[in-house]
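Okay, structure first, notes after.
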Amino acid sequence: MRSEFVYTSEDPKIGEPPSFSWEHFATPKLRRLPQSSFTFVEYVGHGAEGIVVKVKADGYPEPIVFKIRECINGALLELITTSFKRAKAEGKPISLNLKPKTRSKAFQNLETFSVNDDGSSRVPDEEMKGLQLFETSDADDAAIMAINSCLGWTELDTSDVVRDLKRLQCSKLPELPEPKVFCIAYRFVPEGELDMRTVVAQANFFHVAGFYQRQFKGNNWRGRGVLVDFSDLVPLHETLWSPQGYSCFEGWVQDAKESHERWINGTLEYA
């Protein structure tokens with residue numbers, strides 16, 4: 001069941017997460033984008049989760065994008081990926097269930113990324129016996145390291161957003177809340193030729209971390225294989241998390257490969 005808690009923190013998103021305790025994994029909160037000024041550069045698109053706009057921001061040499069929602073995924077993925085990177089840097093690979101198919105195994109894996117207040121593992125020794133080292137190739141490491149980290153959340157005046165969208169000749173202005181628009185910032189990922197090995201490596205990491213993944217859509221991935229629409233991921237905290245869908249990850253991979261092949265051949269068009 002989805003817990004009722006606030007998904008955002010007023011703390012600025014500077015440096016690593018303040019803690020890797022289970023409390024932070026159980027109730028992830030997305031930190032705020034550090035104060036900056038923004039210039040809308042390009043309207044990228046929109047969907048069920050809101051609009052996407054390419055933006056130039058002070059303090060960021062590369063363009064970023066503003067999106068709406070996805071708070072819980074942004075906060076949770078920061079904890080998971082940072083924990084993974086620290087373990088790799090320290091030469092201490094994390095032990096996980098490499099092919100989880102149930103909610104309990106998914107929760108166990110998520111818990112493995114966290115630590116107790118004293119820094120010790122939360123997973124009891126007797127449970128560790130059934131786990132394996134999550135060892136990855138250089139290519140898999142590169143795919144995981146390339147996961148598009150959320151830069152934090154911010155709010156913009158609705159009137160400013162509408163004005164800038166009109167300036168960018170947005171074909172269909174969405175209905176926006178007043179007086180503020182809630183935004184989430186990510187690094188802008190340019191389009192590229194998808195490498196399905198990279199896609200699968202990222203998707204597998206999301207799976208072992210406990211995310212149920214909706215049906216593959218090629219236009220939700222950019223570059224060589226970087227997921228840019230995180231509404232495709234459903235965390236364990238959500239009621240929409242599907243035990244049946246989660247248990248069929250191999251089927252998701254096969255469907256993704258076939259869909260991508262049809263997309264390349266022009267026999268499939270994503271909505």
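What the table below lists for this structure:
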read-out: Residue in the stretch 80-91 that is under 30 Å from SER37 (Cβ atoms), over 20 Å from the mean Cα position of the chain (by Cα) and not hydroxyl-bearing (Ser, Thr, Tyr) present; value: no
read-out: Residue ID - nearest to TYR270 (Cα to Cα), chosen from residues in the stretch 21-65 that are of a type in the set (Asp, Glu) and in a loop (DSSP other than H, G, I, E, B); value: GLU49
read-out: Only one of LYS85, LYS67 that is more than 15 Å from GLU155 (Cα to Cα) and either of a type outside the set (Ser, Thr, Tyr) or modelled with pLDDT of 90 or more (or both); value: LYS85
read-out: Selection from the stretch 202-220 of residues that are closer than 17 Å to SER242 by Cβ and part of a helix (DSSP H, G or I); value: ALA203, PHE206, HIS207, VAL208
read-out: Residues within the stretch 87-134 that are closer than 20 Å to PRO28 by Cβ and either in a loop (DSSP other than H, G, I, E, B) or in contact (Cβ under 8 Å) with a residue 12 or more places away in the chain (or both), tallied; value: 19
read-out: Pairs where the first residue, in the stretch 152-179, is at pLDDT below 85 and the second is not in a helix (DSSP H, G or I), C-beta under 6 Å, 6+ apart; value: CYS170/TYR43; PRO174/HIS46; PRO174/ILE51
read-out: Test: residue in the stretch 185-207 that is farther than 30 Å from VAL253 by Cβ, loosely packed, with under 14 Cβ neighbours inside 10 Å and either out of contact with any strand residue (DSSP E or B) (no Cβ under 6 Å at 6 or more places or on another chain) or small (Gly, Ala, Ser) (or both); value: no
read-out: Considering residues of the stretch 3-20 that are in a strand (DSSP E or B) and not β-branched (Val, Ile, Thr) only, the residue surrounded by the fewest Cβ atoms within 10 Å (Cβ to Cβ); value: GLU10
read-out: Number of positions in the stretch 66-76 that are touching a strand residue (DSSP E or B) at 6+ places or on another chain (Cβ under 7 Å), part of a helix (DSSP H, G or I) and of a type outside the set (Gly, Ala, Ser); value: 2
read-out: Extreme residue, nearest to LYS54 (Cα to Cα), among residues of the stretch 208-250 that are surrounded by fewer than 18 Cβ atoms within 10 Å (Cβ to Cβ) and of a type in the set (Asp, Glu); value: GLU238
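The values are calculated or read from the model by the stated rules, or taken from the named source; none is laboratory data. Keep in mind that what you see is a predicted model, and the values were worked out from it rather than measured. Neighbour counts are summed over all protein chains in view; Cβ atoms, including those assigned to glycine, are modelled from backbone coordinates with ideal geometry.
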